[in-house]
Every structure is written in structure tokens, then in C-alpha cells.
């Protein structure tokens, strides 16, 4: 793309609809809003620099989320578990909720950390970021039924980890 203004306009048109889901995803990865904002900034910069490599505008969300996931993986390798979900705790001033809610959210993220990576990622993308099954499939690859299966298994395992009992089924 030769014109920088056109590139910027194209990028912003693609980015604006996915800004909030990307921020939620990064917050779920980092559990600290400032770290998440830094990650989003890094992702946006890399995505903008590599926009010409994007094969299809429909794949833009997957492009962004893939960059975010890869940046977090690199940081895990470079810094060890220093930035894992276990050690990144939310700044208390960032959440207006009471201590009970903060404790429950912390338990949820601790339980998420114990899920297989693909299941954890699918749950965060669907439940936290609000992406569709198709968008998650574009990010994770595989099949749509595979995404549904990861979500189902992830929810089941999460319930077990959190000690949530399954509701009793009615007998017909």
C-alpha cells in the first residue's frame, strides 16, 4: 500500500470493531489492566506494520488475536512464569467491585490457568471477548465443531475445578 493515509484509514476501519474484544482478551491473559494495555499497544503496532501481509480483511480479528497470543507466549519464554495468570493480579483500584467479587474473579482465573491451552483460549475468546464461534475458529484453526467441543470440555472442566455441581436432570 503506497499511501500512508489510506493504510491508516484501512487499519482503523478494521481495528475499531475488534478493539474492545482484543482488550478483554489481553486483560484475561494478563489480569492486569496496565499490562493488558501495553500488550494491546504492541499488538496494534505490529499489526499495523504488517497490514500489507494480511491476506483477507475477514481474517483481521484472527490476525490480531494471533499476534497477542504469540507475544504472550514469547514473554512466557523470556520471563518464565513471572507474567503468568497466577502472578499477574489485578490492581485493586482497577476493579470497582467488592472483595467478594474480586476473590471470585481471582478463583476463576486460577481455575482457567489449569485448563489445556486451547480450551482456556476458546473460553476467553468466547465468554470474555465475546467473539463468535466462527471468529474463534479463524483464530484457533481446526473445525467449527472442534471449537464447540473445546468450549464444552473447557466449561465442564472449569465447573469441576471450581466445585460447581451440575444441575440434576429431570426424569421423564
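Structure summary
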| item | result |
| --- | --- |
| Number of the exception - residue 8 against (1) surrounded by 13 or more Cβ atoms within 10 Å (Cβ to Cβ); (2) modelled with pLDDT under 90 | (2) |
| Residue match in region 97-110 (condition: within 20 Å of residue 69 (Cα to Cα), in a loop (DSSP other than H, G, I, E, B), touching a helix residue (DSSP H, G or I) at 6+ places or on another chain (Cβ under 8 Å) and at pLDDT below 90) | no |
| Odd one out for residue 117, checked against (1) under 14 Å from residue 29 (Cα atoms); (2) crowded, with 16+ Cβ neighbours inside 10 Å; (3) without any contact (Cβ under 8 Å) to a residue 12 or more places away in the chain | (2) |
| Residue within region 74-93 that is surrounded by 11 or more Cβ atoms within 10 Å (Cβ to Cβ), at pLDDT 75 or above and either under 19 Å from residue 128 (Cβ atoms) or touching a helix residue (DSSP H, G or I) at 6+ places or on another chain (Cβ under 6 Å) (or both) present | no |
| Boolean, residue 138 is under 15 Å from residue 25 (Cβ atoms) and either modelled with pLDDT of 80 or more or part of a helix (DSSP H, G or I) (or both) | yes |
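The values are calculated or read from the model by the stated rules, or taken from the named source; none is laboratory data. Small disclaimer: the values here were computed from a predicted structure and weren't measured. Note that we place each Cβ from the backbone using ideal geometry, even for glycine, and neighbour counts take in every protein chain shown.
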